[in-house]
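See structure below.
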Amino acid sequence: MTLDELRKLNPRDIGSWPVLPKLGALLLLVILIMVGGYWFDWSNQWDELTAARAKESSLRDQFLDKKRQAINLEAYRKQLADIEQSFGAMLKQLPNKSEMEALLSDINQAGLGRGLQFELFKPAASEVMSDFYAELPITIKLAGNYHDIGHFASDVSQLSRIVTLNNIALSTDKEGKLIMDATARTYRYLDDEEIQSQKKSAREKADKSKKGG
């Protein structure tokens, strides 16, 4: 069929058209219907299908993750129990408030027991508070020979409670004695009332920070 014959076709009487133009018109109509359907309806459905597939993938990952957690639940419980036991053992190395005086006496006795002379033993006026423990710095200055001072440092490290020696400085006096200046730091755990007070103080600081921001 020529182009001239196509121009002569009556669009109001499609039934009289030859077979090929009818098939062409039908194909064009189908294409227009598909394009219109995609534009007005199917595109939204495709987006919904894509979102549903993404959600399905996410839910599958969550299921597999929870399945792994359920399989390893006993191992997690044992790990938690080990952590709590380890934490409890460490906590026992921290004295409570009533035991601090005895600990200070132990540090002092560790020096005297080695024949050292304390020229200064001064606990700080206030403790440095943390979430669940308090730190007490003690400024010390003692005199003696090298080996006795070394034994004193070893004795302090072996106390049943945690004590660390920091900022150690060694010098000699006019008589040739060795002088050690240091800061001994010891720690105690807070009682329940002090812990609650720390939490309250932290909340108040956070609130002030938010208001200030």
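The values are calculated or read from the model by the stated rules, or taken from the named source; none is laboratory data. In this text, all values refer to a predicted model and were calculated from it rather than measured experimentally. Please note: Cβ atoms are built from the backbone with ideal geometry, for glycine as well, and neighbour counts cover all protein chains shown.
Structural remarks
- Verdict on Gly24 being in a helix (DSSP H, G or I), surrounded by 11 or more Cβ atoms within 10 Å (Cβ to Cβ) and modelled with pLDDT under 70: no
- Residue list for region 136-164, filter: loosely packed, with under 15 Cβ neighbours inside 10 Å and under 30 Å from Lys199 (Cα atoms): Thr139, Ser160, Thr164
- Residue match in region 172-183 (condition: modelled with pLDDT under 85 and at positive phi): yes
The rows are residues; the columns are (1) at pLDDT below 75; (2) among the hydrophobic types (A, V, I, L, M, F, W, C); (3) more than 27 Å from the chain's Cα centre (by Cα); (4) surrounded by 10 or more Cβ atoms within 10 Å (Cβ to Cβ).
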{"position": "Glu48", "(1), (2), (3), (4)": "yes, no, yes, yes"}
{"position": "Arg53", "(1), (2), (3), (4)": "no, no, yes, yes"}
{"position": "Phe63", "(1), (2), (3), (4)": "no, yes, no, yes"}
{"position": "Leu73", "(1), (2), (3), (4)": "yes, yes, no, yes"}
{"position": "Ile83", "(1), (2), (3), (4)": "yes, yes, no, yes"}
{"position": "Ser86", "(1), (2), (3), (4)": "yes, no, no, yes"}
{"position": "Asp106", "(1), (2), (3), (4)": "no, no, yes, yes"}
{"position": "Leu112", "(1), (2), (3), (4)": "no, yes, yes, yes"}
{"position": "Gln117", "(1), (2), (3), (4)": "no, no, yes, yes"}
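- Test result for Leu94, of a type in the set (A, V, I, L, M), surrounded by 10 or more Cβ atoms within 10 Å (Cβ to Cβ), modelled with pLDDT under 70 and within 27 Å of Ser160 (Cβ to Cβ): yes
- Residue list for region 119-135, filter: loosely packed, with under 13 Cβ neighbours inside 10 Å, more than 18 Å from Glu193 (Cα to Cα) and touching a strand residue (DSSP E or B) at 6+ places or on another chain (Cβ under 7 Å): Leu120, Lys122
Each row is one residue, and each column tells you yes or no for (1) more than 23 Å from the chain's Cα centre (by Cα); (2) without any contact (Cβ under 8 Å) to a residue 60 or more places away in the chain; (3) more than 20 Å from Ala134 (Cα to Cα).
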| site | (1), (2), (3) |
| --- | --- |
| Asn167 | yes, yes, no |
| Glu175 | yes, yes, yes |
| Arg185 | yes, yes, no |
| Glu193 | yes, yes, no |
| Gln196 | no, yes, no |
| Ser201 | no, yes, no |
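- Subset of region 161-208 (residues that are of a type in the set (A, V, I, L, M, F, W, C) and assigned to a loop (DSSP other than H, G, I, E, B)): Ile162, Leu190
- Residue in region 131-143 that is basic (Lys, Arg), in contact with a helix residue (DSSP H, G or I) (Cβ under 8 Å, 6 or more places away or on another chain) and at pLDDT 85 or above present: no
- Test: residue in region 186-199 that is among the hydroxyl-bearing types (Ser, Thr, Tyr) and closer than 14 Å to Thr139 by Cα: yes
- Scanning region 119-155 for residues that are hydrophobic (A, V, I, L, M, F, W, C), more than 18 Å from Thr186 (Cα to Cα) and under 40 Å from the mean Cα position of the chain (by Cα) yields a count of 0.
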